[in-house]
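Input: a single structure, listed below in structure tokens.
Quick note: the coordinates plus some simple rules give every number you see, no bench work behind them. Given the structure is predicted, the values throughout are model-derived calculations rather than measurements. Every residue, glycine as well, gets a Cβ built from its backbone with ideal geometry; the counts of neighbours run over all protein chains shown.
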Amino acid sequence: MIQDRLSRPDCKSGALLDGFPRTPNQAKALDDMLDSIGGKVVAVPYIKVGEDELIARLTGRWTCPVCDRIYHIRFNPPKTPGICDNDSAELYQREDDKIETVTNRIQVYLNQTQPLINYYQEKGHLLEIDGDQPIEAVSVDILAALKRMKP
């Protein structure tokens, strides 16, 4: 499926993959597949965020069960804590956003994905970005780092 998609004309100048690959074995398979179609990985942005900050960001999301509006206790809080601004419904936290799930996801990441960082670092493709800064600064840093990479 990925090879088919990356072989299309609109990907001739490149493509951005999000969430794939997740392991070194997948990365090696991607490298082999890209090589077979004349492509290559040029850059891999790695947004590095401290674990405490990551937990705070991931567990801060709350959702309205009526209108599906999403809030964040730090970045986009409702006017009244725990209550939707639109319809006064009580906000809830999805299972994915609860501390138990988040800490488990971080452990899975450390066990499975951390070796991927080493893989791309050894190949010279890794662009480490400071993710502890505001989102606007992270975006600027990613774009600047990508511009410095040679295709």
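D18: in contact with a Lys or Arg (Cβ under 9 Å, 6 or more places away or on another chain) and either under 20 Å from R105 (Cα atoms) or surrounded by 14 or more Cβ atoms within 10 Å (Cβ to Cβ) (or both), yes or no? Give the steps one after another, and end with the answer.
Details: in contact with a Lys or Arg (Cβ under 9 Å, 6 or more places away or on another chain): no; either under 20 Å from R105 (Cα atoms) or surrounded by 14 or more Cβ atoms within 10 Å (Cβ to Cβ) (or both): yes.
So D18 fails the test.
Just give me the residues in the range 13-25 being out of contact with any Ser or Thr (no Cβ under 9 Å at 6 or more places or on another chain), more than 17 Å from A43 (Cβ to Cβ) and either in contact (Cβ under 8 Å) with a residue 24 or more places away in the chain or in a loop (DSSP other than H, G, I, E, B) (or both), in sequence order.
P24
In the range 91-140, what count of residues is obtained for those that are of a type in the set (V, I, T), part of a helix (DSSP H, G or I) and touching a strand residue (DSSP E or B) at 6+ places or on another chain (Cβ under 8 Å)?
As a first pass, look at the range 91-140 and keep what is of a type in the set (V, I, T): 99, 101-103, 106, 108, 113, 117, 129, 135, 138, 140.
Those still in the list that are part of a helix (DSSP H, G or I) too: 99, 101-103, 106, 108, 113, 117, 135, 138, 140.
Adding the requirement that they be touching a strand residue (DSSP E or B) at 6+ places or on another chain (Cβ under 8 Å) leaves 117, 138.
Of the residues in the range 91-140, 2 are of a type in the set (V, I, T), part of a helix (DSSP H, G or I) and touching a strand residue (DSSP E or B) at 6+ places or on another chain (Cβ under 8 Å).
Pick from D52, D31: which is within 23 Å of the chain's Cα centre (by Cα), among the charged types (D, E, K, R) and surrounded by 15 or more Cβ atoms within 10 Å (Cβ to Cβ)?
Details: D52 fails: surrounded by 15 or more Cβ atoms within 10 Å (Cβ to Cβ).
Answer to the check: D31.
Please give the number of the condition L58 fails out of (1) surrounded by 13 or more Cβ atoms within 10 Å (Cβ to Cβ); (2) in contact with an Asp or Glu (Cβ under 8 Å, 6 or more places away or on another chain); (3) more than 30 Å from I106 (Cβ to Cβ).
(3)
Where the second residue is of a type in the set (S, T, N, Q) and surrounded by 12 or more Cβ atoms within 10 Å (Cβ to Cβ) and the first is at negative phi and touching a residue at least 24 places away in the same chain (Cβ under 8 Å) and lies in the range 33-45, which pairs have Cβ atoms under 8 Å and are six or more apart or on separate chains?
Listed by first residue and then by second, the contacts come to M33/Q3; S36/Q3; I37/Q3; I37/S7.
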